[in-house]
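Chemist: Have a look at this one.
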Amino acid sequence: MAAAREIKEVVHPFQKLSNFRDIGGLKTADGRAVRAGVLFRSDAPHRLDAGDLVKLRGLGIKLICDLRSPEESQKKRLRLPDGSIRTVCVPLHEQATQDGSRKKLLGFLFGKTGDDRFREFSRGYYHHMAFEQTGRVREIITLLSEEQNLPALIHCTAGKDRTGFLAAVIQLLVGVPYEVVMEDYLRTNDYFGPRLEKLIKVMRVATLAQVSQERLRLILMAHPEFLNEVHENIVKQYGAIEGYLREACGLEHDTLQKLKDRLLT
């Protein structure tokens, strides 16, 4: 897998973001490259401090595509005093996998079958994004295909599931091999590593050590099984990601080609 990442990744460290990265920097199966500096992904950017905002503006970002629900977006929105970056909310799901609802979360944490219930919930979550939110996928891809919207940033709460799914769809569309896409998807766990360990310690204390570290990792980390399953279903029904985007999401060939042209070198 390592050979597929021949282009050195451009990293833009932020003090207040854990999971910000460039979607570019990968080789495609036909030997082309995904252009760096065009499309970024992250966790929710509302925490950015003044120094981070300077860095963000330095990337030339013209559009921030918020994949969270309107409620999440309203509560924790990046507010730029000069309104220099356009933000649109295009929710891919009503909730984040790691919160669900309070009742669900308590069941995942403390229930005897919490592990199995969380896996079932997550499978349904990914299925919902892929097959019941096709109009939203179409809207996002259309926005990202327009030159005036690039460079752009896509994000959700943790940058793990909603953002991870959409980033995978885009990388597969432009020809990155699936095993490399999966490697990139799982790098969320590396980015969240230090923060995750602290969070697990806090949650262990808060739950009086009634919740195992293994269960907390299941809920908080990215796992291959959920993306694998939805990808297999897409390939089974549509042959490839491009077929899915055209048939299920209703995207025109020209729109997909524009996005490819803007993302590939």
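Chemist: Would you check which residues across the stretch 246-265 are touching a Lys or Arg at 6+ places or on another chain (Cβ under 8 Å) and modelled with pLDDT of 95 or more and list them? Can you show your working first?
Modeler: Of the residues in the stretch 246-265, the ones touching a Lys or Arg at 6+ places or on another chain (Cβ under 8 Å) are 249-253, 256, 262-265.
Within the stretch 246-265, Cys249, Gly250, Leu251, Glu252, His253, Leu256, Arg262, Leu263, Leu264 qualify.
Chemist: What residue, of Arg47, Arg86, Arg68, is modelled with pLDDT under 90 and surrounded by 14 or more Cβ atoms within 10 Å (Cβ to Cβ)?
Modeler: Numbers: Arg86 fails: modelled with pLDDT under 90; Arg68 fails: modelled with pLDDT under 90.
Answer to the check: Arg47.
Chemist: Also, quick follow-up: State yes or no: is Leu245 part of a helix (DSSP H, G or I), more than 30 Å from Ile200 (Cβ to Cβ), among the aliphatic types (A, V, I, L, M) and touching a residue at least 12 places away in the same chain (Cβ under 8 Å)?
Modeler: Answer is yes for this residue.
To keep it simple, each residue is scored yes or no on (1) over 30 Å from Val180 (Cα atoms); (2) in a helix (DSSP H, G or I); (3) within 19 Å of the chain's Cα centre (by Cα).
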| site | (1), (2), (3) |
| --- | --- |
| Ala36 | no, no, yes |
| Gly51 | yes, yes, no |
| Val54 | yes, yes, no |
| Cys65 | no, no, yes |
| Arg68 | no, no, yes |
| Ser73 | yes, yes, yes |
| Leu78 | yes, no, yes |
| Thr87 | no, no, yes |
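Chemist: Every residue in the stretch 248-265 that is under 17 Å from Gln133 (Cβ atoms) and buried (at least 16 other Cβ atoms within 10 Å of the Cβ), please.
Modeler: Here is the first cut: in the stretch 248-265, the residues under 17 Å from Gln133 (Cβ atoms) are 248-251.
Result: Ala248, Cys249, Leu251.
Chemist: Any idea which of (1) more than 28 Å from Leu251 (Cα to Cα); (2) in contact with a strand residue (DSSP E or B) (Cβ under 6 Å, 6 or more places away or on another chain); (3) among the polar types (S, T, N, Q) is the one Asn189 doesn't satisfy?
Modeler: Here Asn189 clears every test but (2).
Chemist: Which of the residues belonging to the stretch 183-218 are of a type outside the set (Ser, Thr, Tyr) and under 16 Å from the mean Cα position of the chain (by Cα)? Spell out how you get there, then give the answer.
Modeler: Looking only at the stretch 183-218, we keep the residues that are of a type outside the set (Ser, Thr, Tyr), and these are 183-184, 186-187, 189-190, 192-206, 208-211, 213-218.
Glu183, Asp184, Leu186, Arg187, Asn189, Asp190, Phe192, listed by residue number.
Chemist: Now a separate question. I'm trying to understand the selection: among the residues of the stretch 137-161, which are part of a helix (DSSP H, G or I) and either small (Gly, Ala, Ser) or in contact with a strand residue (DSSP E or B) (Cβ under 7 Å, 6 or more places away or on another chain) (or both)?
Modeler: The initial filter retains those residues of the stretch 137-161 that are part of a helix (DSSP H, G or I), namely 137-145, 147-149.
Answer for the stretch 137-161, where residues must be part of a helix (DSSP H, G or I) and either small (Gly, Ala, Ser) or in contact with a strand residue (DSSP E or B) (Cβ under 7 Å, 6 or more places away or on another chain) (or both): Ile140, Leu143, Leu144, Ser145, Asn149.
Chemist: Name the pairs: first residue in the stretch 37-54 and over 11 Å from Leu80 (Cα atoms), second residue of a type in the set (Lys, Arg) and in a helix (DSSP H, G or I), Cβ to Cβ under 9 Å, at least 6 apart or on different chains?
Modeler: Val38/Arg262; Leu39/Arg262
Chemist: Quick one: what pairs do we get from the stretch 188-208, first residue closer than 18 Å to Thr157 by Cβ and at pLDDT 80 or above, second surrounded by 14 or more Cβ atoms within 10 Å (Cβ to Cβ) and among the hydroxyl-bearing types (Ser, Thr, Tyr), C-beta under 8 Å, 6+ apart or different chains?
Modeler: Hits for this filter: Tyr191/Ser18; Phe192/Ser18.
Residue-wise test of (1) in contact with a Phe, Trp or Tyr (Cβ under 9 Å, 6 or more places away or on another chain); (2) hydroxyl-bearing (Ser, Thr, Tyr); (3) within 16 Å of Arg41 (Cα to Cα); (4) assigned to a helix (DSSP H, G or I).
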site	(1), (2), (3), (4)
Gly135	no, no, no, yes
Thr163	no, yes, yes, yes
Tyr185	yes, yes, yes, yes
Ile200	no, no, no, yes
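So that you can scan it fast, the table gives a plain yes or no per residue for (1) loosely packed, with under 14 Cβ neighbours inside 10 Å; (2) among the aliphatic types (A, V, I, L, M):
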site	(1), (2)
Leu196	no, yes
Leu227	no, yes
Glu232	yes, no
Val235	no, yes
Arg246	no, no
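Chemist: Does any residue of the stretch 244-259 turn out to be in contact with a helix residue (DSSP H, G or I) (Cβ under 6 Å, 6 or more places away or on another chain) and of a type in the set (Asp, Glu)?
Modeler: Checked against the condition, which is being in contact with a helix residue (DSSP H, G or I) (Cβ under 6 Å, 6 or more places away or on another chain) and of a type in the set (Asp, Glu), the stretch 244-259 yields at least one hit.
Chemist: Right, Met182: free of Cβ contacts under 8 Å to residues at least 60 places away in the same chain and surrounded by 15 or more Cβ atoms within 10 Å (Cβ to Cβ) or not?
Modeler: Numbers: free of Cβ contacts under 8 Å to residues at least 60 places away in the same chain: yes; surrounded by 15 or more Cβ atoms within 10 Å (Cβ to Cβ): yes.
Here the answer is yes, as Met182 does meet what is asked.
Chemist: The conditions are (1) modelled with pLDDT of 95 or more; (2) outside any helix (DSSP H, G or I); (3) under 20 Å from Pro177 (Cβ atoms), and Lys236 fails exactly one of them. Which is it?
Modeler: (2)
The values are calculated or read from the model by the stated rules, or taken from the named source; none is laboratory data. Being a predicted model, the structure only gives us computed values, none of them experimental. Every residue, glycine among them, receives a Cβ derived from its backbone with ideal geometry; neighbour counts consider all protein chains shown.
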